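The structure under discussion appears below in the form of structure tokens.
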Amino acid sequence: MKIHFHKAARLGELVVSAIFNKAAARVLPDRENEAKKRGERVMRSLQIGILFLLLTQLFACGQVVGWPSADRTAPTVSSTTPVNSATGVAFNASISATFSEAMDPLTITPATFTLLDGTTPVSGAVSYVGVTATFDPTDNLDPDTTYTARIGNTVTDQAGNAMAVDYVWSFTTGTTQDATPPRVSSTTPVNNATDVAFNAPIAATFSEAMDPLTITTATFTLLDGTTPVPGAVIYVGVTAIFTPTISLHSSTLYTATITSGVKDLAGNAMVEDYVWSFTTGTIPDTTPPRVSSTTPLNNATDVAFNAPIAATFSEAMNPLTISTATFTLLDGTIPVSGAVIYVGVTAIFTPIINLNPNTLYTATITSGVTDLAGNAMVEDYVWSFTTGTAPDTTPPRVSSTTPVNGATAVAFNTSISATFSEAMNPLTITTATFTLLDGPTPVSGTVSYVGVTATFDPTDNLDPDTTYTARIGNTVTDQAGNAMTVDYVWSFTTGTAPDTTPPRVSSTTPANGEVAVAFNAHITATFSKVMNPLTITTATFTLLDGPTPVLGAVTYIGVTAIFTPTTSLDPDTQYTATIASTVTDLAGNAMVEDYVWTFTTGPVPDTQRPSVTFTVPTDDATGAATDGNITAVFSEAMNPLTITTVNFTVQQGDTPVAGAVTYANVTATFNPTSALAANTTYSATITTAARDLAGNSLVRNFVWNFRTGATSDTTRPTVISTIPGDEATDVVLDTNVSATFNEAMDSLTLTTATFTLFDGTTPIEGTVTQTGNTVIFNPASDLDSDTEYTAAITNEATDLAGNALAENYVWSFTTGTALDPIAPTVILTNPDDLATDVPVDATVNATFSEAMGPLTITTATFKVAGPDATEVMGTVFYDMPSMIGAFTPEDDLLPDTTYTATITIGAMDLAGSALEADYVWSFSTGATPSGLMPVDLGTLSTFVAVAGAGLTNSNSSGATTLNGDVGLSPTATCLGDGSPCTLTNPVINGTLYANDPEGVAAQAKVDLTAAYVDATSRPVGTTVNDVSGMVLLPGVYTSDSTMSIAVGGTVTLDGQGDANAVWIFQIGSSLTVNNDAQVLLINGAKAKNVFWAIFASSTLGSNVSFQGSVLAGAANSVGTDSVVVGRLLCTTGQITLLSNTITLPPL
């Protein structure tokens, strides 16, 4: 039998009454009245005592239900406006405090909520609504004055519990009043959302704290067609919530409105009503919310002691449940006092005073927090971090934007986003600080913030073919209160089409099927385009150990999502990662299907520090394009959150260069806001704050210098080789597919959307990675045998200056029947093993037996060490066509010293087969440098043709294509089949400088003369005349008269495995290359390092394949259908072309 509370109480009364009646019968009549009164007192005492004993026994037997649980929790102040220690506060604003729970309004009075100017009380009125108390001064506050607000500990909650102590905070007014109208910054659901859960409330987040008295069911309404929806409205922090009395109808369009009757704390009303619509789905929201990420991360160290603590949720939460009762911070077992605010999907705990340095803290989000549908977290979320010794005083910066500055043909249905260099205060990221203008006209929209990314979502599609200007105001602050130094402004122009392309996962770390993965590493997925950060959460990016979910945090930056396990993974264990198809891009397009991949951990953690493998431009490079981006390629995947404008900087002297920083695959890219100055030296730096996915930092700052040339880069990139080659047969089934370009490419433009592989009309699933000038498609599974495949790179792929491929590049190959059975080997080194007298400025090169995976040939797998195993610092570049890896020391090697070079088993071929053992060799340096350096071309580096007397072309056998700049001076004549040059006669995939007023062509002529002098002033070399059939090693070759290659002849230039080998031909008269002849480069020889210095003219016959830069005193002529990889440069004469292709040599 179960006895309810009220029945148990009645039973107690009956028992006590019976006892009392028996006792009263024995009382004498003369004392009846006195005894009666005494008996009543006894009865009450007995009732209480016996009732307590009775119910104690009944509860012990589990027989009583419905006993009300008493609220004995003391209320706290969760947040205030202004915040503690705020400065520059508007002197006409009210002051508010938000509590952790509903309070007894009778205790919220001018006696318990006070404001002091020094020791002088400030007169004002106090109101209370929801969970917010507001103090409204009778008169404006004084400017530049510090005030102290106090909530006395006599205020109580609705159960009568008082605050434990007074809550006191201070702020300082500024010199201006608040006259800015508030705005709606974001809503849940967003405008035009579909499939909305029908049991969820509706929320609107404002750009500033509002007057709660103005947030009511009269100013926040919801309509089903024209029928008002009954409900309740609450306001907390900066968020208003409309909770329908009953669940909404399914599959129904609703319209929500915030009227202009709402006001901020200074009394400013919204300019106009804010209206948005959404459509419900067919199912309720029953999914528990999760914490997606935190700042600081779990186990973070050296955390700034003045920064707040933040937690980002997987969905919009009920702000009433986010308070100092549910978001706590402990120093050991001691609670840390602070305030809690909630905005968007982020809760922030701000300690009242700075944290202690060098101290371990533990933060907790309890399971008492709920989402807007009332779903609670499954369990408490706990994380720890350790403070450092310094505060955060670094101003935040905008690291990157989408679209980028100057972008054109932007989809008109996309949102606009800005990624910051660090976590920001979400309260400062609003429609007031993130704006978009169409000319002078503001664009209506909402602003959301998650992780380190702010997103502006226009209410309606943008106009096509229109230039827009976006701005992040310098009033936005990081979580430590540091503001941006200046406004960040960028512009872009829309195109004529919307974005309807679903996003894809382009690559992952670890890769699918990877083994021996470090168990302390993070998991990442890189997308084909920028995504909506609100959709990248622990609900959409999951990790499983068998069927068991792995706890962790998810962050998103740029195009990369990162899953950080709460604790290290188990060694020797297979894990499965999934990106759900519900993630969307900025245009709202969802992935077509879930993306799933697996990997297996190994027995050891990752403690290897990352390094910069190579850069573009290279260290000490000259002639860099003024409009090119600067990139650094790392030895391993990095944590994108550490690759920012704070950690990747470019300077001209002491002046910082403004720009944006992006990261994809293993490449960080710095995109200057405006073109660099011509003929100017710049310095780039990657700091030790850059870390890999296991948290290992660079050993030291990586610094390199380069000098710009006189011109921008307008030359379109080209594909110079592929693996497998076009029409290749018997291709191994486990191969990757790669393409190498003639220059470094923009990694953000090489994705699974721009690099595809098809079996007939069926797309092959896979991932795309890119490093330098090589891009690789890795199929998700082995290819089918005896099958023809077609690979394509679209003309959306661009170089670092934004130049796109002229057209799609397509090639085909046919598989065989077998996997790749052969492990790669090192077949040649330069220097040789045990070589002596090696120049101190030499590069160290290794040639492989087959094409290798460029991402596996890095400073982590190619090492050089000196005496006592001291590691030599340097960069590594892998050249796909020659299959040579080159290690370039940062400084000259020591003279007369023995060095050891090692290629580790981490080096793998395109099928994933590794070297069977480390390859090790040694060499000893001499006392001098090599002495033979490439000819200095100056500004000629971007020119494919320069002439003093013009250029003539005939397309008699097909269109001539010049892949590079063309300079004509002083004669500017450019003729195509007798008429002035057109876009197609010849095709110039670059810029034509025809005696231009800026003098670019004239400067190129000056540099041509200097280059000719440089080449011919080198010491006379080996005498040669007819070089047909010769194999020439690097060096200088001289002819006092003519030099030639016979009909059908071949001259072979053998680099002997040295990727920096140089050939200089000094020709006293003319060069003649007869029909069908060729210049062949082997073993690492590169066209960029071959120079033909000719006193008179060069004549190339028909069907010639020529390599190198021609520096002629007179003229250059090329026969029909000949191809030149190099340059045709002549001082006084003209260039004559006949259906040729002239391409700048690859870097």
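The values are calculated or read from the model by the stated rules, or taken from the named source; none is laboratory data. Remember, predicted model here, so these are calculated numbers, not experimental data. Note that we place each Cβ from the backbone using ideal geometry, even for glycine, and neighbour counts take in every protein chain shown.
Looking across segment 653-682, the residues that are part of a strand (DSSP E or B) and of a type in the set (S, T, N, Q) come down to THR655, THR662, THR667, THR669, ASN671, THR681.
For the subset of segment 1030-1047 comprising residues that are within 53 Å of the chain's Cα centre (by Cα) and in a loop (DSSP other than H, G, I, E, B), which member is surrounded by the most Cβ atoms within 10 Å (Cβ to Cβ)? The extreme case among them is PRO1034.
When you go through ALA842, ALA835 one by one, which is the residue that is within 25 Å of ALA1059 (Cα to Cα), at pLDDT 90 or above and either among the basic types (Lys, Arg) or over 28 Å from the mean Cα position of the chain (by Cα) (or both)? Steps first, answer last, please.
On the way: ALA842 fails: at pLDDT 90 or above.
Criteria check complete, one pass: ALA835.
Is one or more of the residues making up segment 920-941 assigned to a strand (DSSP E or B), hydrophobic (A, V, I, L, M, F, W, C), free of Cβ contacts under 8 Å to residues at least 40 places away in the same chain and exposed (fewer than 15 other Cβ atoms within 10 Å of the Cβ)? Let's see the steps before the verdict.
Let us first name the residues in segment 920-941 that are assigned to a strand (DSSP E or B), namely 920-925.
Restricting the remaining residues to those that are hydrophobic (A, V, I, L, M, F, W, C) gives 920-921, 923.
Add one more test, that the residue is free of Cβ contacts under 8 Å to residues at least 40 places away in the same chain, and what stays is 920.
Right, trim to exposed (fewer than 15 other Cβ atoms within 10 Å of the Cβ) and you get 920.
Looking through segment 920-941, at least one residue is assigned to a strand (DSSP E or B), hydrophobic (A, V, I, L, M, F, W, C), free of Cβ contacts under 8 Å to residues at least 40 places away in the same chain and exposed (fewer than 15 other Cβ atoms within 10 Å of the Cβ).
If you scan segment 600-618, which residues turn out to be more than 23 Å from the chain's Cα centre (by Cα) and buried (at least 22 other Cβ atoms within 10 Å of the Cβ)? Listed by number, the list holds a single entry, THR601. Within segment 606-615, the presence of at least one residue that is touching a Leu at 6+ places or on another chain (Cβ under 8 Å) and of a type in the set (Val, Ile, Thr) is confirmed.
For segment 570-587: of the residues being surrounded by fewer than 21 Cβ atoms within 10 Å (Cβ to Cβ) and within 19 Å of the chain's Cα centre (by Cα), which is nearest to ILE523 (Cα to Cα)?
Filtering segment 570-587 down to residues surrounded by fewer than 21 Cβ atoms within 10 Å (Cβ to Cβ) leaves 570-574, 576, 578, 580-582, 584, 587.
Then drop every residue that is not within 19 Å of the chain's Cα centre (by Cα), which leaves 584, 587.
On the way: THR584: 19, ALA587: 25 Å.
Across segment 570-587, the extreme among qualifying residues is THR584.
If I filter segment 874-889 down to residues being under 29 Å from the mean Cα position of the chain (by Cα) and in contact (Cβ under 8 Å) with a residue 60 or more places away in the chain, which single residue comes out as farthest from ASP841 (Cα to Cα)? Out of the qualifying residues, it is MET880.
Within segment 206-222, count every residue that is assigned to a loop (DSSP other than H, G, I, E, B) and without any contact (Cβ under 8 Å) to a residue 40 or more places away in the chain.
First pass over segment 206-222, keeping only residues assigned to a loop (DSSP other than H, G, I, E, B): 207-209, 211, 215-219.
If we keep only those that are without any contact (Cβ under 8 Å) to a residue 40 or more places away in the chain as well, we get 216-217.
Qualifying residue count for the region: 2.
Assess whether ASP833 counts as being assigned by TED's automatic domain parsing to the domain that holds GLY912, part of a loop (DSSP other than H, G, I, E, B), of a type in the set (D, E, K, R) and surrounded by fewer than 23 Cβ atoms within 10 Å (Cβ to Cβ).
Spelling it out, ASP833 is indeed assigned by TED's automatic domain parsing to the domain that holds GLY912, part of a loop (DSSP other than H, G, I, E, B), of a type in the set (D, E, K, R) and surrounded by fewer than 23 Cβ atoms within 10 Å (Cβ to Cβ).
Only one of the listed residues (ASN701, ASN665, ASN696) is at positive phi and outside the structural domain of ILE857 (by TED's automatic domain parsing). That residue is ASN665.
Count of segment 128-161 residues, restricted to those that are under 25 Å from THR176 (Cα atoms) and either under 47 Å from the mean Cα position of the chain (by Cα) or surrounded by 18 or more Cβ atoms within 10 Å (Cβ to Cβ) (or both), is 16. Checked against (1) in contact with a strand residue (DSSP E or B) (Cβ under 8 Å, 6 or more places away or on another chain); (2) part of a loop (DSSP other than H, G, I, E, B), PRO997 passes all but a single condition, namely (1). Scanning segment 346-396 for residues that are over 29 Å from ASN647 (Cβ atoms), part of a strand (DSSP E or B) and of a type in the set (A, V, I, L, M) gives ILE365, ALA376, VAL382. All but one of (1) surrounded by fewer than 15 Cβ atoms within 10 Å (Cβ to Cβ); (2) within 18 Å of PRO565 (Cα to Cα); (3) at pLDDT 95 or above hold for ALA363, so report the exception by its number. The number of the failed condition is (1). Take the conditions within 26 Å of THR939 (Cβ to Cβ), at pLDDT 90 or above and either outside the structural domain of PHE1095 (by TED's automatic domain parsing) or not charged (D, E, K, R) (or both) and apply them to THR1016. Does it pass? So THR1016 passes the test. Scanning segment 1003-1023 for residues that are closer than 18 Å to ALA1115 by Cα and among the charged types (D, E, K, R) yields a count of 2.
Per-residue answers, yes or no, for (1) outside the structural domain of PHE634 (by TED's automatic domain parsing); (2) hydrophobic (A, V, I, L, M, F, W, C); (3) closer than 18 Å to THR718 by Cβ:
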position	(1), (2), (3)
GLU765	yes, no, no
VAL768	yes, yes, no
GLY772	yes, no, yes
ASN778	yes, no, no
ASP782	yes, no, no
ALA792	yes, yes, yes
GLU796	yes, no, yes
ASP799	yes, no, yes
GLU807	yes, no, yes
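So, ALA347, is that one at pLDDT 90 or above, among the small types (Gly, Ala, Ser), closer than 19 Å to ALA423 by Cβ and not assigned by TED's automatic domain parsing to the domain that holds ALA423 or not? So ALA347 passes the test.
THR524 passes every criterion in (1) modelled with pLDDT of 90 or more; (2) more than 26 Å from GLY344 (Cα to Cα) apart from (2).
Any idea which residue in segment 104-148 is modelled with the lowest pLDDT, counting only those that are hydrophobic (A, V, I, L, M, F, W, C) and assigned to a strand (DSSP E or B)? Step through it out loud before you land on a result.
Let us first name the residues in segment 104-148 that are hydrophobic (A, V, I, L, M, F, W, C), namely 106, 108, 111, 113, 115-116, 122, 125-126, 129, 131, 133, 135, 141.
Keeping just the survivors that are assigned to a strand (DSSP E or B) gives 113, 115-116, 125-126, 129, 133, 135.
On the way: PHE113: 94, LEU115: 95, LEU116: 96, ALA125: 87, VAL126: 89, VAL129: 81, ALA133: 90, PHE135: 92.
Only one residue fits best here, namely VAL129.
Annotation: of all residues in segment 672-711 being buried (at least 22 other Cβ atoms within 10 Å of the Cβ) and polar (S, T, N, Q), the one that is nearest to ILE1142 (Cα to Cα) is THR711.
Scanning segment 223-241 for residues that are hydroxyl-bearing (Ser, Thr, Tyr) and in contact (Cβ under 8 Å) with a residue 60 or more places away in the chain, we see that the one that is farthest from ALA204 (Cα to Cα) is TYR235.
Can you tell me how many residues in segment 257-273 are surrounded by fewer than 22 Cβ atoms within 10 Å (Cβ to Cβ) and assigned to a strand (DSSP E or B)?
Taking segment 257-273 and keeping what is surrounded by fewer than 22 Cβ atoms within 10 Å (Cβ to Cβ), we get 257, 259-261, 263, 266-269, 271-273.
Now drop any that are not assigned to a strand (DSSP E or B), which leaves 257, 263, 269.
So the answer is 3.
Those strands (runs of 3 or more DSSP E) of segment 549-652 in which 2 or more residues are hydroxyl-bearing (Ser, Thr, Tyr) occupy 552-557, 560-565, 574-579, 595-601, 612-616.
Give ALA200, ALA179, ALA164 a once-over and let me know the one that is in a loop (DSSP other than H, G, I, E, B), of a type in the set (A, V, I, L, M, F, W, C) and buried (at least 18 other Cβ atoms within 10 Å of the Cβ). ALA200 is the lone residue from the list that is in a loop (DSSP other than H, G, I, E, B), of a type in the set (A, V, I, L, M, F, W, C) and buried (at least 18 other Cβ atoms within 10 Å of the Cβ).
Of all residues in segment 509-533, those being outside any loop (DSSP other than H, G, I, E, B) and either within 27 Å of ALA418 (Cα to Cα) or of a type in the set (Ser, Thr, Tyr) (or both) number 8. Determine if segment 772-790 includes at least one residue that is surrounded by 24 or more Cβ atoms within 10 Å (Cβ to Cβ) and either free of Cβ contacts under 8 Å to residues at least 40 places away in the same chain or under 19 Å from the mean Cα position of the chain (by Cα) (or both). Checking segment 772-790: at least one residue is surrounded by 24 or more Cβ atoms within 10 Å (Cβ to Cβ) and either free of Cβ contacts under 8 Å to residues at least 40 places away in the same chain or under 19 Å from the mean Cα position of the chain (by Cα) (or both).
Take the conditions within 24 Å of VAL1020 (Cα to Cα) and under 47 Å from the mean Cα position of the chain (by Cα) and apply them to GLN1107. Does it pass? Yes; evaluated as a whole, the condition is true for this residue.
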